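Notes for the one structure printed next.
The values are calculated or read from the model by the stated rules, or taken from the named source; none is laboratory data. Model, not experiment: these values are computed from the prediction. Glycine gets a Cβ as well: all are built from the backbone with ideal geometry, and neighbour counts include every protein chain shown. Ligands, DNA and RNA are stripped out before the accessible areas are found, and what is left, the full protein with its side chains, is counted by its heavy atoms. Shrake-Rupley method; radii C 1.70, N 1.55, O 1.52, S 1.80 Å.
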Amino acid sequence: MLSARKFKRLLIIVAVAVLLVSLNYPITVHAMHIMEGMLPPGWCIFWFAVAAPFFIYGLYRMRQIVRDSNQNAKIMLALCGAFVFVLSSLKIPSVTGSSSHPTGVGLGTVLFGPGVLSVLGAIVLLFQALLLAHGGLTTLGANMVSMVIVGPFVGYAVWRLCRALRMNRSISIFLCAVFADWITYVTTSIQLAVVYPDPNNGVLGAAIKFLSIYAVTQIPLAIAEGLLTVLVYNLVISNHLWEESALR
Amino acid sequence: MKRKTLQNWILLGLVIVLCVIPFFVAKNGSFTGSDDQGTEQIHKNDPSYKVWIHPLWTPPSAEVESFLFTVQGSIGTGIIAYIIGNAHGKRKARQEIQQNAKNKS
């Protein structure tokens, strides 16, 4: 006996996801991520070197979680990965008149800590680089640093801070997801500004320009991502997929 | 339970509002990707920069690209819906078993 209301709720999530994707049908171009070839080789290597230890740590954490957790950790890892998959495929219009997409790393960060996201997120970035010419293989390291390393770690810091201030879990998760999303684009802006300083105003001038392109567009999307993250979190908790008390 | 359900509806409503507002605020916006604007900015800051490598494969048309994006989204949505639906069914079943046990005793 499936309660009709719960089933409807699921259907609506699917419908909204489909709606969001189809809403963006006429929008042909990519959003976010540093594109293939847009970073000089030296910087590509540098960012790969930065990302590598986090990736290895992520693999180690995943093994640890699957081995030690008595909750259904494997299933929840799949769910968190799928959430990143969905959200990073949604190109949403923003008030600035351009489009961009959320990152979806907040949920996994709160449930498993920031480490595992570097693995889950790398899969998504690889998928998009290979099949969608979105992002790139040479810029994969740089994109990993912004989306699946800096994002989750900052999000996690926000989560811990909110919990320390005794905010309730929903609000903490919301803020975690919002900041993880937004800081990703701030990081991208800085990564680009360092390589392409403004001819007149240097790195800082360039950073401000890139921020005005990426970070401002991202604000409403980050909020939307926060709301969606809380929604999925609610579904996870109310169906006993994860114990709320495990989230301190 | 009821409270959470209501909360979810409100959350969904807000997300939709956030997605629709831009069409009213930025009426003349082209809604192109922000990274294409970023690429433009790179050319402005350093006109001599040459893109040194190109993607191995680029979707042949906008339709194919949006198709692949939709596939990506659908895979993710499918997994999420399956996991949550499955857990939901299990919870219901457990409740029913408990209910039956109570009725018998």
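Per-structure values
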item	result
The one condition in (1) within 10 Å of chain B (Cβ to nearest Cβ); (2) of a type outside the set (Ser, Thr, Tyr); (3) surrounded by fewer than 21 Cβ atoms within 10 Å (Cβ to Cβ) that residue A:221 fails to fulfil	(3)
Given (1) in contact with a strand residue (DSSP E or B) (Cβ under 6 Å, 6 or more places away or on another chain); (2) modelled with pLDDT of 95 or more; (3) not β-branched (Val, Ile, Thr), number of the condition residue A:46 does not satisfy	(1)
So residue B:53, is it of a type in the set (A, V, I, L, M, F, W, C), within 28 Å of residue A:234 (Cβ to Cβ) and within 7 Å of chain A (Cβ to nearest Cβ)	no
Every residue from the range A:59-104 that is surrounded by 24 or more Cβ atoms within 10 Å (Cβ to Cβ), assigned to a helix (DSSP H, G or I) and of a type outside the set (A, V, I, L, M)	A:80, A:83, A:85
Some residue of the range A:196-218 being within 13 Å of residue A:103 (Cα to Cα) and either within 11 Å of chain B (Cβ to nearest Cβ) or open to solvent by 10 Å² or more (accessible area, probe 1.4 Å) (or both)	yes
Flag if residue B:66 is assigned to a helix (DSSP H, G or I), among the polar types (S, T, N, Q), at pLDDT below 90 and out of contact with any helix residue (DSSP H, G or I) (no Cβ under 7 Å at 6 or more places or on another chain)	yes
Qualifying residues in the range B:56-76 (those that are facing chain A (nearest Cβ under 8 Å) and more than 17 Å from residue A:83 (Cβ to Cβ)) - the one farthest from the chain's Cα centre (by Cα)	B:56
Residue pairs meeting the criteria (Cβ under 9 Å; at least 6 apart or on separate chains; first at the interface with chain A (Cβ under 8 Å from one of its Cβ atoms), in the range B:1-21; second open to solvent by 50 Å² or more (accessible area, probe 1.4 Å) and at pLDDT 90 or above)	B:14/A:223; B:15/A:223; B:18/A:223
Qualifying residue in the range A:231-244 (condition: open to solvent by less than 10 Å² (accessible area, probe 1.4 Å), more than 25 Å from residue A:39 (Cβ to Cβ) and more than 11 Å from chain B (Cβ to nearest Cβ))	no
Condition met for residue B:79 (at the interface with chain A (Cβ under 8 Å from one of its Cβ atoms) and aliphatic (A, V, I, L, M))	yes
